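Heads up: the structure comes next, in structure tokens.
The values are calculated or read from the model by the stated rules, or taken from the named source; none is laboratory data. Note that the structure is a prediction, hence the values are computed from the model and not measured. A quick note on method: Cβ atoms are made from the backbone with ideal geometry, for glycine too, and the neighbour counts reach across all protein chains shown. Surface accessibility is based on the protein's heavy atoms, side chains included, excluding ligands, DNA and RNA. Shrake-Rupley method; radii C 1.70, N 1.55, O 1.52, S 1.80 Å.
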Amino acid sequence: MRKTVFTILMCMMCLISFAQAPHKPAVMFSFMNNYVILTESICDTKGYNGTTPLCVFVKYDKETNTAKIVKVEPLENRETPGYFKSVIQNMIPKYAGLNFDVHDEVDCVSGATYSSRAVKENIKAAYNYFIENRR
């Protein structure tokens, strides 16, 4: 239930910010030590058919100064559906619960190398943006 409420609140914040600033999309939203990072404007790494933007949900613990990835969701992209489905099923779920600072330990999916590498670069961009801009 808490995850559903968190997701709904973050989506509402995203929609509100896009409505208020149509010319410059926001990249990171925060709510009670929870962050949502949209990578479409901070990472232009190409997969096989284009960019592969992500929505990265992060929970930050101020006491221990650690951040964990709650989940990663792909945004609209032009990747080949069959190959990207393999990335969605076999790679993206491995990020859930992972400490954000060890994000590069997730392996690529065999057969979907370009898409996998693009996802890894998006996660890396989200991590770097988070480190530079968290409050």
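Okay, here's what the table says:
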item: Matching residues in region 49-70 - criterion: being surrounded by fewer than 17 Cβ atoms within 10 Å (Cβ to Cβ) and touching a helix residue (DSSP H, G or I) at 6+ places or on another chain (Cβ under 8 Å); result: T66, K68
item: Enumeration of residues in region 47-74 that are part of a strand (DSSP E or B), over 13 Å from the mean Cα position of the chain (by Cα) and among the aromatic types (F, W, Y); result: Y60
item: Qualifying residues in region 65-99 (those that are out of contact with any Phe, Trp or Tyr (no Cβ under 7 Å at 6 or more places or on another chain) and among the charged types (D, E, K, R)) - the one nearest to N34 (Cα to Cα); result: E73
item: Meets criteria (modelled with pLDDT of 95 or more and polar (S, T, N, Q)) for S115; result: yes
item: Breaking point among (1) without any contact (Cβ under 8 Å) to a residue 24 or more places away in the chain; (2) within 14 Å of the chain's Cα centre (by Cα), for F130; result: (1)
item: Residue check for M32: open to solvent by 80 Å² or more (accessible area, probe 1.4 Å), at pLDDT below 95 and more than 21 Å from E132 (Cα to Cα); result: no
